[in-house]
1. Being surrounded by 15 or more Cβ atoms within 10 Å (Cβ to Cβ) and in a loop (DSSP other than H, G, I, E, B) is the filter here; which residues of the stretch 98-139 pass it?
2. From Tyr35, Tyr133, Tyr121, Tyr85, which residue is more than 30 Å from Glu2 (Cα to Cα) and aromatic (Phe, Trp, Tyr)?
3. Going by the conditions given, is Ile60 modelled with pLDDT under 95 and of a type outside the set (Asp, Glu)?
4. Please tell me if Val86 is within 14 Å of Ala17 (Cα to Cα) and of a type in the set (A, V, I, L, M, F, W, C).
5. Kindly check whether there is at least one residue in the stretch 10-33 that is within 14 Å of Trp142 (Cβ to Cβ) and modelled with pLDDT of 95 or more.
6. Can you list residue pairs whose Cβ atoms sit under 6 Å apart, with the first residue in the stretch 90-116 being under 30 Å from Ser130 (Cβ atoms) and the second being part of a helix (DSSP H, G or I)? Count only pairs 6 or more apart in sequence or on different chains.
7. If you go through the stretch 69-81 one residue at a time, do you hit one that is touching a residue at least 12 places away in the same chain (Cβ under 8 Å), closer than 20 Å to Val22 by Cα and surrounded by 11 or more Cβ atoms within 10 Å (Cβ to Cβ)?
Amino acid sequence: MELEAKILEVIRGPKLAALATVKEESGKVLPAVRYIVTMGFEDFSLMTATRKSSGKVRDIKKNPNISLTIWSGKDLIPEDLTKPYVVIKGKAELIDDQETKNRFWNPYLENHFNGINDPEYGLMKFVPNSIEYYHGKTVNVWIK
């Protein structure tokens, strides 16, 4: 299987991911990491819903460079611990286009927003510059 297909197997569909942004606070530059749910697409871009007032949005507005880590396993059981994962380095952009938000909306988001027209409902798109694919002792790198 080609590297691109292997990467798509890891990122496609809703996935739990660790998002790292650059946080500038009190004159210090620190990494800020939080869990998000992403949706991966054929062009390797990913999207997530976000509150427009969130810390990650503030971080992205100041510095759009991000890193995402997505593991393809589901449970902490021996057979899943050997499943591949990817580390994505790229840029984030904020999306507030209503048509795109309508297409992305799903019932799960009702737990976080007061409907599709909630003024806090926004999207964040991640566009990779490189993707590291880890499986066992092997590391392969895709570069845009």
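The values are calculated or read from the model by the stated rules, or taken from the named source; none is laboratory data. Treat the numbers as computed from the prediction; the structure is a model and nothing was measured. Here the Cβ is made from the backbone with ideal geometry for all residues, glycine too, and neighbour counts use every protein chain on show.
1. Quick first cut of the stretch 98-139, residues surrounded by 15 or more Cβ atoms within 10 Å (Cβ to Cβ) only: 101, 104-105, 109, 113, 118, 121-128, 131-135.
Residues satisfying the conditions are Trp105, Phe113, Asp118.
2. Details: Tyr35 fails: more than 30 Å from Glu2 (Cα to Cα); Tyr133 fails: more than 30 Å from Glu2 (Cα to Cα); Tyr85 fails: more than 30 Å from Glu2 (Cα to Cα).
Only one candidate qualifies: Tyr121.
3. Details: modelled with pLDDT under 95: no; of a type outside the set (Asp, Glu): yes.
No; evaluated as a whole, the condition is false for this residue.
4. Values: within 14 Å of Ala17 (Cα to Cα): yes; of a type in the set (A, V, I, L, M, F, W, C): yes.
So Val86 fits the description; yes.
5. Step one: of the stretch 10-33, the residues within 14 Å of Trp142 (Cβ to Cβ) are 10-11.
Narrowing the set further to residues that are modelled with pLDDT of 95 or more leaves 10-11.
Yes, because at least one residue in the stretch 10-33 is within 14 Å of Trp142 (Cβ to Cβ) and modelled with pLDDT of 95 or more.
6. Ala92/Ile60
7. Within the stretch 69-81 (the criterion being touching a residue at least 12 places away in the same chain (Cβ under 8 Å), closer than 20 Å to Val22 by Cα and surrounded by 11 or more Cβ atoms within 10 Å (Cβ to Cβ)), the answer is yes, since at least one residue qualifies.
Conditions (1) free of Cβ contacts under 8 Å to residues at least 40 places away in the same chain; (2) exposed (fewer than 13 other Cβ atoms within 10 Å of the Cβ); (3) within 25 Å of Asn117 (Cα to Cα), marked per residue:
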| site | (1), (2), (3) |
| --- | --- |
| Leu30 | yes, yes, no |
| Met47 | no, no, yes |
| Ile60 | no, no, yes |
| Ile88 | no, no, no |
